[in-house]
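Structure record follows, encoded as structure tokens.
The values are calculated or read from the model by the stated rules, or taken from the named source; none is laboratory data. Just so it is clear, the model here is predicted, and its values are computed rather than measured. Glycine also receives a Cβ, built like all others from the backbone with ideal geometry; neighbour counts cover every protein chain displayed. We work out accessible area using only protein heavy atoms, side chains counted, and drop any ligands, DNA or RNA first. Shrake-Rupley method; radii C 1.70, N 1.55, O 1.52, S 1.80 Å.
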Amino acid sequence: MTTSLAHGTIGARLKALRKREGWTLTEVAARTGISQGTLSKLENGLTKLNFSSVVKLASGLNLPVTAFTSPEPHVEASGSRRAVTRAGTGPRFQAQDIEYEVLADGLAGMNKVFLRARIKQHPDRELVEFRRHPGQEFIYVLSGEFELQTEAYAPIRLREGDSVVFDSSMGHRYISISEPDTILLIEMEVASYPTVIEDLII
């Protein structure tokens, strides 16, 4: 299940952006892969977008996700680059087995995505399918212990302070061994974003 974001704010910002740039709904639809009808309903507060669709919207318009989700519109000073995420304020979404918070997503053209992930999958629950997405994935264990299962290697257990990097086109999934849930810091290549987000939410 994905978490719907503040569609009223997103729609209002999209409409303001279109007017400023002189874009039609047809042009935005072509750039983002979101239908013209859905965009029209969004601008009029008649529909919601899940996180993967917000990512499509931002990516297609070459904007950070926070341009649509942050309390205040993102402004980037000329010649400077910085992105700050206050504790607990990053855009959130939820998969069947993991809860994600997007971190430091304030810069257009950023080639990485950073996530704080809470692993909800435990050994006594039915396992989710393997995930696959292009690029590499780096994981650092913030707290707890989890098992990384992949198609090509035997399962490996990682504890607080451990880290791993792997080819994420290889099928993989995470199993929390500890109680409470394991917390991870994940870094992914953004070349496959928003495909990465869509693949994560299963």
Pop a pseudo-label 7 angstrom from the Cα along the beta-carbon direction at both F130 and R157 and give the gap in nm to one decimal.
2.3 nm
Excluding residues fewer than 8 places away in the same chain, name every one of the lysines whose C-alpha is closer than 18 Å to that of K112.
K56
State to the nearest 20 debye the size of the charge dipole of segment 138-185 about its Cα centre, where the only charges are +1 on K and R beta carbons and -1 on D and E beta carbons.
60 debye
Taking protein heavy atoms only, a 1.4 Å probe, and rounding to whole percent, the accessible area of segment 117-165 owed to carbon and sulfur comes out at 47 percent
If you average 1/r over all unlike Cα pairs in segment 8-68 and invert the result, what Kirkwood radius do you get in angstrom?
11.1 Å
Rank D162, D97, D167, D181 by accessible area, highest first, at a 1.4 Å probe radius?
D167, D162, D181, D97
Ranked from the most accessible area to the least, with a 1.4 Å probe and all protein chains present, what is the order of M170, M188?
M170, M188
